[in-house]
């Protein structure tokens, strides 16, 4: 006989216990419980995200991975343009036409990257703003709904919650 042994996950057991305790309270609905766990799940993800950025912070400036990636991509595009321009010496009409269309395409991409960099730079958070948000996260349970919404708005672009998962799109 193939007997399977069940093992209790202490962390999950605490959550299940809390769900039952909440449901046993008069006036608490399934929707209330769902909202509670969704909010705390998003809150936990915001804490994780801020801890990553706190480790990247140093002094008055901090690394912004999105902004850095955009700048790296911009350098690559500009190098490709330079490389194409370098091949034009002594090129025939066919090569000139091809290089011209490629340069136009790369320049369009370069302009889009410059626009994205400008937007990301204006949205970048200062160290003081990051410290303020971290402070709010530390006292999350004592914040008003409006303050929680402001903090979430500073960190999140979009949250898509389904019955199976929560997807978070970050501003950072």
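Summary of computed values
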| item | result |
| --- | --- |
| Any chance residue 31 is modelled with pLDDT of 85 or more, loosely packed, with under 11 Cβ neighbours inside 10 Å and not in a helix (DSSP H, G or I) | no |
| Test: residue in the range 120-131 that is surrounded by 15 or more Cβ atoms within 10 Å (Cβ to Cβ), farther than 30 Å from residue 78 by Cα and modelled with pLDDT under 80 | yes |
| Listing of helices (runs of 4 or more DSSP H) fully contained in the range 72-167 that carry 3 or more residues being closer than 30 Å to residue 34 by Cα | 127-138, 145-155 |
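Conditions tested, residue by residue: (1) more than 20 Å from the chain's Cα centre (by Cα); (2) exposed (fewer than 11 other Cβ atoms within 10 Å of the Cβ); (3) in contact (Cβ under 8 Å) with a residue 12 or more places away in the chain.
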residue	(1), (2), (3)
84	yes, no, yes
88	yes, no, no
108	yes, no, no
111	yes, no, no
141	yes, yes, no
151	no, no, yes
155	no, no, yes
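The values are calculated or read from the model by the stated rules, or taken from the named source; none is laboratory data. Not measured: the values here are computed from a predicted model. Every residue, glycine as well, gets a Cβ built from its backbone with ideal geometry; the counts of neighbours run over all protein chains shown.
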